[in-house]
Amino acid sequence: THVTPPHSTIRPGFPVPVSTNSPEVRRAARFGVYTYNNSSNDLFLFKESQIKTAMVQIVRGLKYMLHVEIKRTVCEKRDHPSLDSCHFQREKNLQQMLRCYFEVWITPWTHKVHIPVSHCH
């Protein structure tokens, strides 16, 4: 049986814009945030507040190129809660927002995620 790929209008090799609201894009952004949280020295976890732009490219899987705003949450790293239950900081002196660019490469058939690029400032 032939299965039509989910992105059948996308030609391999060419990045194309995709909806910033799609579940796949939101999942890719969360992987980028995990990478940021694992590499930062911040006491608090950050989570995505807004996905500004998203592109996807088919290259031995799906490579997402994302511009994401992330904000500091009230959850401390040592507690390791689910980011879904973490609210953004309300205390003015603890609030922080960063702009990030993530490249998230997902190969669904191997269940692997690779983040070759993760820049936040």
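The values are calculated or read from the model by the stated rules, or taken from the named source; none is laboratory data. From a predicted model like this one, the values you see are computed outputs, not experimental measurements. Cβ atoms come from the backbone with ideal geometry, glycine included; neighbour counts cover every protein chain shown. These accessible areas exclude ligands, DNA and RNA; they are computed on the full protein's heavy atoms, side chains included. Shrake-Rupley method; radii C 1.70, N 1.55, O 1.52, S 1.80 Å.
Does region 57-67 include one or more residues that are of a type in the set (S, T, N, Q), assigned to a strand (DSSP E or B) and in contact with a helix residue (DSSP H, G or I) (Cβ under 8 Å, 6 or more places away or on another chain)?
no
So in region 64-84, with the set limited to residues that are in contact (Cβ under 8 Å) with a residue 40 or more places away in the chain and under 10 Å from the mean Cα position of the chain (by Cα), which one is farthest from ARG99 (Cα to Cα)?
Ranking the qualifying residues of region 64-84, first place goes to TYR64.
Among the residues of region 11-44, which ones are over 10 Å from the mean Cα position of the chain (by Cα), part of a helix (DSSP H, G or I) and over 16 Å from ASP79 (Cβ atoms)?
Across region 11-44, the qualifying residues are PRO23, SER39.
Taking region 89-117, which residues are of a type in the set (Phe, Trp, Tyr) and under 17 Å from the mean Cα position of the chain (by Cα)?
Of everything in region 89-117, those that are of a type in the set (Phe, Trp, Tyr) and under 17 Å from the mean Cα position of the chain (by Cα) turn out to be TYR101, PHE102, TRP105.
With the condition kept exactly as written, say whether any residue in region 82-92 is of a type in the set (D, E, K, R), part of a strand (DSSP E or B) and at pLDDT 95 or above.
no
Please go through region 96-114 and pick out each residue that is in a helix (DSSP H, G or I) and open to solvent by less than 70 Å² (accessible area, probe 1.4 Å).
Result: PRO108, THR110.
Among residues belonging to region 60-95 that are under 20 Å from THR20 (Cα atoms) and of a type in the set (A, V, I, L, M), point out the one that is surrounded by the most Cβ atoms within 10 Å (Cβ to Cβ).
VAL68
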